[in-house]
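Below: one structure, written as structure tokens.
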Amino acid sequence: GTTLGASAAERGRYFGAAVAANKLSDSAYTTILNREFNSVTPENEMKIDATEPQQGQFTFTNADRIVSHARSRGMSVRGHTLAWHSQQPGWMQNMSGSALRQAMLNHVTQVATHFRGQVVAWDVVNEAFADGGSGARRDSNLQRTGNDWIEAAFRAARAADPGAKLCYNDYNTDDWTHAKTQAVYNLVRDFKQRGVPIDCVGLQSHFNSGSPYPGNYRTTLSSFAALGVDVQITELDIQNAPADTYRNVVNDCLAVARCTGITVWGIRDSDSWRAEQNPLLFTSSGAKKPAYDAVLAAL
Ligand code: XIL
């Protein structure tokens, strides 16, 4: 293939990008998006603060815009994210206990129902584990509603959209020896053993000098896959975008049958949440970088 999406499709995978609704009117941006990618993740538009800014009042305009842009062009959509400690609207930040648990489950149900049949995979729960060596859950208002909040969210998502793949998504879960990676692995193993609905694990894979690409990344991918879930690289960006590292990531995914796709977290460096690190595949003026050539050649 001559594009990322077409080449990935030849390998039975997708190649996606995080997309911002307010950039869909930028023709330089949409030219690259429409040419290169066959999957889209809304960068912020499906988050809790965006979709339920006031409790019980749902707004889907910007998310719908991205979904319709993608689906009308044959791209698939990853939903991101239904339950998360961050980017909560003010009303939710101030909630706790059973009222928060109920509000979270209602949010999951309403949003997954709105997009039923349009989203191939949902990041149901995002970033629920703590950093560092503890392997513990992250403290958050959601965690304080009870340790079963994650499985409750997955069951609600399954009920609302039975056709969507349901993923657990996190960062710093790339190094197989890391306590956080092992903690997520244990969660997924437990869910599979007890029949809690889970279909996939998302590795955000934001690589930088503090959390570099690990040599055992392929082991991490294959170990999750061996639990009977798909694995997806959901938010890839790499500080300074070294071509070698991008190539290694692609090769590692292709080596694991259940690594079903890769999403980069933005299109041009100027679109990145870490723009100063130039971590993406296209320059700010839209030119292909050496990392792009390496990824395309590896696919
Ligand atoms: C980031 C977006 O890229 C930014 O625009 C926003 O200001 C903050 O969130 N992990 C995630 C993503 O799961 O949702 C985050 O996206 C990046 C880290």
Subject >> R0 of 35 Å, Cβ-Cβ distance Ala28-Asp131: FRET efficiency to nearest 0.05 >> reply: 0.45
Subject >> Extreme residue, positive dipole direction of the chain, given options Phe115, Ala241, Asn172 (C-beta unit charges) >> reply: Phe115
**OP:** Might you report the magnitude of the Cβ-based charge dipole of segment 1-86 about its Cα centre, with Lys and Arg at +1 and Asp and Glu at -1, to the nearest 20 debye?
**Re:** 300
**OP:** Would you be so kind as to identify which of Ala18, Gly132, Gly90 lies farthest towards the positive end of the dipole of the chain, taking Lys and Arg as +1 and Asp and Glu as -1 on Cβ and the Cα centre as origin?
**Re:** Ala18
**OP:** Beyond 32 Å between alpha-carbons counts as too far, so tell me which of Lys47/Lys289; Lys180/Lys288; Lys23/Lys192 fall in that bin.
**Re:** Lys180/Lys288; Lys23/Lys192
**OP:** Could you work out how far apart the two model spin labels at Ser72 and Gln193 are, taking each label as a point 7 Å from the Cα in the direction of the beta carbon, and quote it in nm?
**Re:** 4.9
Original post:
What area, in nm² and to one decimal, does the C-alpha convex hull of segment 242-299 cast on average over all directions?
Top reply: 3.8
**OP:** Can you work out the PRE-style zone for Thr283? Point 7 Å along Cα to Cβ, and I want the residues of segment 220-255 with backbone N under 16 Å.
**Re:** 240-243
Subject >> Table column - 3J(HN,Hα) (Hz), segment 61-71, Karplus curve with 6.51, -1.76, 1.60, x for Gly and Pro >> reply: 4, 6, 5, 4, 4, 5, 4, 6, 4, 5, 5
**OP:** Mind putting together the pair-distance distribution for the chain? All Cα pairs, 5 Å bins, whole percent per bin, short to long.
**Re:** 1, 6, 13, 17, 19, 18, 14, 9, 4, 1, 0
Original post:
Based on DSSP H runs of at least 4 residues, each adding -39500 (n - 2.57), what is the mean residue ellipticity at 222 nm of the chain after dividing by all its residues, to the nearest 500 deg cm²/dmol?
Top reply: -11000 deg cm²/dmol
Original post:
Excluding ligands, DNA and RNA, what is the solvent-accessible area per residue of segment 224-281 at a probe of 1.4 Å, expressed in Å²?
Top reply: 30
Original post:
Using a simple spin-label model with points 7 Å from Cα along the Cα→Cβ vector, what separation in nm is obtained for Ala255 and Ser96?
Top reply: 4.7
Subject >> Listed peptides 107-114, 25-32 by packing density, highest first (mean Cβ within 10 Å) >> reply: 107-114, 25-32
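What shape does segment 74-135 take by its C-alpha gyration tensor, where a ≥ b ≥ c are the square roots of the eigenvalues and a/c under 1.5 counts as rounded, a/b above b/c as prolate, and the rest as oblate?
Values: a/c = 2.55, a/b = 1.30, b/c = 1.96.
Oblate is the answer for segment 74-135, as a/c is 1.5 or above yet b/c matches or exceeds a/b.
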Original post:
With every protein chain in place, what's the accessible area of Glu45 (1.4 Å probe, Å², nearest 10)?
Top reply: 30
**OP:** Only Cα pairs under 8 Å and at least 6 apart count here; give the relative contact order of the chain as a rounded whole percent.
**Re:** 17
**OP:** Could you give the size of the charge dipole of the chain about its Cα centre, using +1 on the Cβ of each K and R and -1 on the Cβ of each D and E, expressed in debye and rounded to the nearest 20?
**Re:** 600
**OP:** Whenever you get a sec, compute what percent of the accessible area on the chain sits on carbon and sulfur atoms (1.4 Å probe).
**Re:** 46
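The values are calculated or read from the model by the stated rules, or taken from the named source; none is laboratory data. Quantities reported herein were computed from a predicted structural model and do not represent experimental measurements. Positions of Cβ are generated from backbone atoms using ideal geometry, with glycine treated the same way; all protein chains shown enter the neighbour counts. These area figures cover heavy atoms from the full protein model, side chains too; ligands, DNA and RNA do not enter into them. Shrake-Rupley method; radii C 1.70, N 1.55, O 1.52, S 1.80 Å.
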